[in-house]
1. Are any residues in segment 139-183 open to solvent by less than 60 Å² (accessible area, probe 1.4 Å), within 16 Å of ligand 2 (Cβ to nearest atom) and assigned to a loop (DSSP other than H, G, I, E, B), and if so, which ones?
2. Got a number for residues in segment 188-214 being in contact with a helix residue (DSSP H, G or I) (Cβ under 6 Å, 6 or more places away or on another chain) and over 14 Å from Gly137 (Cβ atoms)?
3. Arg203 - would you say it is more than 16 Å from ligand 2 (Cβ to nearest atom), more than 17 Å from the chain's Cα centre (by Cα) and assigned to a loop (DSSP other than H, G, I, E, B)?
4. Looking only at residues that are within 13 Å of ligand 1 (Cβ to nearest atom) and not polar (S, T, N, Q) in segment 122-132, which one is surrounded by the fewest Cβ atoms within 10 Å (Cβ to Cβ)?
5. Can you tell me which residue is most open to solvent (accessible area, probe 1.4 Å) among those in segment 1-13 that are more than 16 Å from ligand 2 (Cβ to nearest atom) and part of a strand (DSSP E or B)?
6. Out of all the residues in segment 95-135, which are within 16 Å of ligand 2 (Cβ to nearest atom) and aliphatic (A, V, I, L, M)?
7. Considering only segment 105-121, state which residues are within 20 Å of Arg247 (Cα to Cα) and open to solvent by 20 Å² or more (accessible area, probe 1.4 Å).
8. Tell me, yes or no, whether segment 83-91 has at least one residue that is open to solvent by less than 40 Å² (accessible area, probe 1.4 Å), touching a Cys at 6+ places or on another chain (Cβ under 9 Å), within 16 Å of ligand 2 (Cβ to nearest atom) and not small (Gly, Ala, Ser).
Amino acid sequence: MPLEIVTIPCRADNYAYLLHDMATGATAVVDVPDAAPISAELSKRGWTLSDILITHHHDDHISGVPGLKAETGARIIGAAADAHRLPPLDLAVREGDTVSIGATDGTVIDVSGHTIGHIAFSFPGAVFTADSLMALGCGRLFEGDPATMWASLRKLAALPGDTLVYSGHEYTADNATFALTIDPDNPALIARARDVARARAARHPTVPSRLSLELDTNPFLRATAPEVKAHVGMTGASDAEVFAEIRRRKNAF
Ligand code: ZN
Ligand code: FE
């Protein structure tokens with residue numbers, strides 16, 4: 001892989017990621033919950049920050065941006081649609097735009113739903129999804145409706161199956177408990193829930209996860225599966241309707 005990726009735990013359960021382009025030494029960060037742990041990791045590795053990539057406007061993803069910008073002068077990249085509620089952008093992007101970290105090109109995907117204007121950054125082998133597609137879950141719908149989030153998840157589901165999904169929070173253990181109420185007989189989910197419990201007991205991150213595993217076990221992506229439709233009593237309903245019902249149940253869980 002052309003990018004070396006470093007996971008940085010921030011705050012209670014947020015993740016930020018460093019993306020280091022090995023060919024050029026360019027280094028980006030995806031989201032800045034806090035500046036301090038990111039600066040510390042950069043100096044530990046001797047890396048110079050070139051780019052700050054913002055997924056969405058929530059405080060737990062951007063509050064460290066001004067400090068990190070002041071310290072590094074890195075280029076700030078975020079959604080044009082959200083420019084009015086993000087720190088000042090040096091590059092405003094839309095779906096389909098290319099974002100280059102040194103010699104490595106990524107693509108912007110609009111993944112609105114959790115918020116309107118939430119974007120994901122897709123690089124070869126890795127997609128940064130923050131609070132859209134998450135490990136065994138998806139973000140709560142603060143601004144978008146279920147149809148919007150469903151369309152966003154379908155775009156992510158169409159990426160190559162071996163893509164690693166880097167989401168914004170360590171929520172996987174709770175997500176697994178909920179997933180088992182929707183898809184209790186899925187052997188891949190049962191096995192994954194066990195793996196997640198073991199990883200968390202050892203305080204290991206459960207993020208990133210492979211997209212193919214999400215397709216097999218994430219109850220929101222599994223809204224297409226006949227057995228999931230049957231389990232929620234919606235045989236014959238559309239995928240988007242079943243997704244909406246699963247999201248409704250998660251809100252009440
Ligand atoms: Zn958020
Ligand atoms: Fe968040």
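1. Correct list: Gly139, Leu141, Gly144, Gly168, Glu170.
2. 2
3. Criteria met by Arg203.
4. By that ranking, first place goes to Asp131.
5. Here the answer is Glu4.
6. Val111, Ile116, Ile119, Ala120, Ala130, Leu133, Met134, Ala135
7. Asp110, Ile116
8. For segment 83-91, residues open to solvent by less than 40 Å² (accessible area, probe 1.4 Å), touching a Cys at 6+ places or on another chain (Cβ under 9 Å), within 16 Å of ligand 2 (Cβ to nearest atom) and not small (Gly, Ala, Ser): absent.
The values are calculated or read from the model by the stated rules, or taken from the named source; none is laboratory data. Not measured: the values here are computed from a predicted model. Backbone-built Cβ (ideal geometry, glycine too); neighbour counts: all protein chains shown. Accessible surface is based on the protein model in full, side chains and every heavy atom, while ligands, DNA and RNA are left aside. Shrake-Rupley method; radii C 1.70, N 1.55, O 1.52, S 1.80 Å.
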